[in-house]
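For reference, the structure discussed in these notes is given below.
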Amino acid sequence: MARKIQVINGGAVPAAMNSSQNPNPKSQAPLALILFGSPGSGKGTQSKLLAKALGIPQISTGDMLREHVRRGNAVGTKVEAKMKAGILVKDYVVNQLVEERLAQPDAANGFILDGYPRTRAQAEVLCGILSPRGVQAVVIHLVVDYNVIIARLTGRRQCPVCGTLYNVTSKPPKVPGVCDLEGAKLIVRDDDREEVIRERLDEYEKQTRPLIDFFRETGNRLYEIDASHDNPQAVFGKIEELIRKS
Ligand code: AMP
């Protein structure tokens, strides 16, 4: 069951959605949804499902940074070593990426932030972007047991072409090691190696988890969902229901 921690404002959904898609037809304000949780909590999977259902973009700072690394450009060169080590990259780098991304037209009616903000400085910048737009974020905190997280991250595989995520035990591809959609050979992310996973979880505990207090202090609606054992569709159902009711 989804546990509501704190609810401050009325609902907010993308204006572009028609009433059959709109989970909350009462409101027309843009939806700024923050998917919050530790690495391996399912933010990426849920963001993709929500983006499809709500018709608003998923904005993943991890994906954006990986794309810069793949291109080998100035940003990519700057962040590559930190990402490989599981350390957060500098706030100004991600803040700039997010500011530019949120200025694009497809984000005008709402967006889903996946993996941002991760530090207090980032959360403050985000508030500075959202406040003038009259938008308040809805934060969904995905809570997952530590052991489940470790199993998920060590078993995770990704298609290098379409980004689809698999897990060797809980969501295997039809043919081992091959993407169902693209036929490409699945990869293990550099930062899904065990020693790096530990570093990433450490960064989360030190820098990111404390943001829960920040969200509370700043009056954002914050919901907590137990996402340890349900399958992704069931977790998605809980989030959808929350958005509809909020
Ligand atoms: P993710 O795919 O969200 O787990 O991100 C992968 C890596 O990208 C992280 O371990 C960080 O090195 C970097 N990263 C992604 N998002 C952020 C962020 N908001 N702030 C700082 N570093 C980030």
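What follows draws every value from the coordinates through simple rules; no lab data is involved. Bear in mind the structure is a predicted one, so any value in this text is a computation, not a measurement. FYI the Cβ positions are ideal-geometry reconstructions off the backbone, even for glycines, and counts take in every protein chain you see.
Looking at Ser38, Met64, Val93, which one has the Cα that reaches farthest to the positive end of the dipole of the chain (charges on Cβ: Lys, Arg +1; Asp, Glu -1)?
Result: Met64, furthest along the dipole toward the positive end.
At a threshold of 8 angstrom on Cα-Cα distance, excluding pairs fewer than six apart, so keeping six or more, what relative contact order does the stretch 166-246 reach in percent? Spell out each step's value before the answer.
Working: 22 pairs, mean separation 7.7, N = 81.
This gives 9 percent for the stretch 166-246.
So, counting K/R as plus one and D/E as minus one, what does the shell of residues with Cβ under 13 Å around Ser170 add up to? Spell out each step's value before the answer.
Details: positive: Arg152, Arg156, Arg157, Lys171; negative: Asp230.
Net charge in that neighbourhood comes out at +3.
Return the FRET efficiency for the residue pair Leu181, Ile87: r is the Cβ-Cβ distance, R0 is 35 Å, and the value is rounded to the nearest 0.05. Mind dumping the intermediate values first?
Values: r = 32 Å, r/R0 = 0.91.
Calculated value: 0.65.
Looking at the chain only, what percent of DSSP beta bridges run antiparallel? Nearest 5 please. Let's see the in-between values first.
Working: 9 of 28 bridges.
Around 30 percent of the beta bridges assigned by DSSP in the chain are antiparallel ones.
Net charge around Ile187, counting only other residues with Cβ within less than 13 Å of its Cβ (Lys, Arg = +1; Asp, Glu = -1)? Write down the numbers at each step before the final one.
On the way: positive: Arg66, Arg70, Arg156, Arg157, Lys185, Arg189, Arg193; negative: Glu182, Asp190, Asp191, Asp192.
Net charge around Ile187: +3.
Dipole magnitude of the chain about its Cα centre, charges +1 at Lys/Arg Cβ and -1 at Asp/Glu Cβ only, in debye to the nearest 20? Please report the intermediate quantities before stating the final value.
Details: 34 positive and 28 negative charges, 56 e Å.
Using Cβ point charges on Lys, Arg, Asp and Glu, the chain gives about 260 debye.
Can you find, among Ile187, Asn220, Gln233, the residue sitting farthest towards the positive end of the charge dipole of the stretch 109-246, where Lys and Arg contribute +1 and Asp and Glu -1 at Cβ?
Going by the charge dipole, the pick is Gln233.
About the Cα centre, and with charges only on the beta carbon of Lys, Arg (+1) and Asp, Glu (-1), how big is the dipole of the stretch 192-232? Nearest 20 debye, please. Don't skip to the answer; put the middle values down first.
Numbers: 7 positive and 12 negative charges, 41 e Å.
Once rounded to the nearest 20, the dipole reads 200 debye.
Rg to Rh for the stretch 52-185: what is it, with Cα atoms only and Rh by Kirkwood?
Working: Rg = 16.7 Å, Rh = 17.0 Å.
Using Cα coordinates only, the ratio equals 0.98.
Measure out, as a whole number of angstrom, how far apart the alpha-carbon centroids of the stretch 138-165 and the stretch 34-111 sit.
15 Å
As a test of the formula, what do you get for the chain when each DSSP H run with n ≥ 4 contributes -39,500 (n - 2.57) and the sum is divided by the residue count, at 222 nm and rounded to the nearest 500 deg cm²/dmol?
Numbers: 9 runs with 98 residues, N = 246.
One gets -12000 deg cm²/dmol as the mean residue ellipticity at 222 nm.
Express as a percent, rounded to the nearest 5, the fraction of DSSP beta bridges in the stretch 121-232 (both residues included) that run antiparallel.
If we restrict to bridges inside the stretch 121-232, about 50 percent are antiparallel.
Can you give the Rg/Rh ratio of the chain, where Rg is from the C-alpha atoms and Rh is the Kirkwood radius? Walk me through the numbers before you get to the answer.
Details: Rg = 17.4 Å, Rh = 18.5 Å.
Computed over Cα atoms, the ratio is 0.94.
Within 10 Å, count the other beta carbons around each residue, average over each peptide in 36-46, 126-136, and list them highest first. Before the final figure, lay out each step's value.
Numbers: 36-46: 23.5, 126-136: 13.9.
Going from most to least packed, we get 36-46, 126-136.
Which of the residue pairs Lys174/Lys238; Lys185/Lys245; Lys82/Lys245; Lys78/Lys245 have a Cα-Cα distance greater than 32 Å in the structure shown? Intermediate values should be presented prior to the final figure.
On the way: Lys174/Lys238 27 Å; Lys185/Lys245 41 Å; Lys82/Lys245 40 Å; Lys78/Lys245 42 Å.
With Cα atoms farther than 32 Å apart: Lys185/Lys245; Lys82/Lys245; Lys78/Lys245.
Please work out whether the stretch 165-246 counts as rounded, prolate or oblate from its C-alpha gyration tensor, where a ≥ b ≥ c are the square roots of the eigenvalues and a/c under 1.5 means rounded, while otherwise a/b larger than b/c means prolate and anything else oblate?
Details: a/c = 3.06, a/b = 1.43, b/c = 2.14.
Oblate.
Calculate the dipole size of the stretch 26-155 relative to its Cα centre from +1 charges on Lys and Arg beta carbons and -1 charges on Asp and Glu beta carbons; express the result in debye to the nearest 20.
Working: 16 positive and 10 negative charges, 41 e Å.
With Lys and Arg at +1 and Asp and Glu at -1, about 200 debye.
Round to the nearest 10 and give me the degree value, 0 to 90, for the angle of helix 74-85's Cα axis relative to the longest principal axis of the chain.
Its long axis makes an angle of about 70 degrees.
Let me check I've understood the local charge: for Leu113, count other residues with C-beta under 11 angstrom from its C-beta, Lys and Arg +1, Asp and Glu -1. What total comes out? Working shown, then result.
Values: positive: Lys43, Arg101, Arg118; negative: Asp114.
Net charge around Leu113: +2.
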